[in-house]
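Below is one structure, written out as structure tokens; the observations come after it.
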Amino acid sequence: MTDMTMTEPAKPTIAPNAASKSDAAKTATGSKTPAKPNVKMITLDQLAREMKMPPRDARMLLRLAAKQTKVYPTLGKEHVARQPWSWAPGSKALDEARKALSSTPTV
């Protein structure tokens with residue numbers, strides 16, 4: 001029977017130096033991988049501040065708008081359930097989100 005208090009630390013499956021060597025080998029052979037640009041996403045909090053409304057109300061209105069697929073087709077398609085609302089700058093879904101939040105009257 002093994003004692004639960006005597007455990008050995010898990011060893012990494014890949015050595016840290018091996019990953020950096022393979023990356024260096026790819027660049028040395030001329031294989032250029034396109035660098036992913038750091039796209040700063042626009043969050044619901046930023047959009048709510050822009051529209052001068054509480055984020056909670058904005059979230060509720062966006063949920064309702066996402067269900068209206070004929071009026072806002074890309075808004076519902078781009079949002080993943082149980083994930084925070086965020087959009088790429090200049091995207092069609094961001095335009096639809098702004099439209100949905102501006103078309104509703106605020107009290």
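Distant-in-sequence amide contacts of Trp85, defined by a placed amide H-H separation under 5 Å and a gap of 5 or more residues or a different chain, comprise Leu44.
Multiplying the residue separation of Met60 and Ala81 by 0.36 nm and subtracting their alpha-carbon distance yields 6.2 nm. Ranked from largest to smallest solvent-accessible area, with a 1.4 Å probe on the protein heavy atoms, Leu61, Leu94 come out as Leu61, Leu94.
The values are calculated or read from the model by the stated rules, or taken from the named source; none is laboratory data. Here the structure is a predicted model, which is why all the values come from computation and not from measurement. Areas reflect the complete protein model, heavy atoms only, side chains present, ligands, DNA and RNA absent. Shrake-Rupley method; radii C 1.70, N 1.55, O 1.52, S 1.80 Å.
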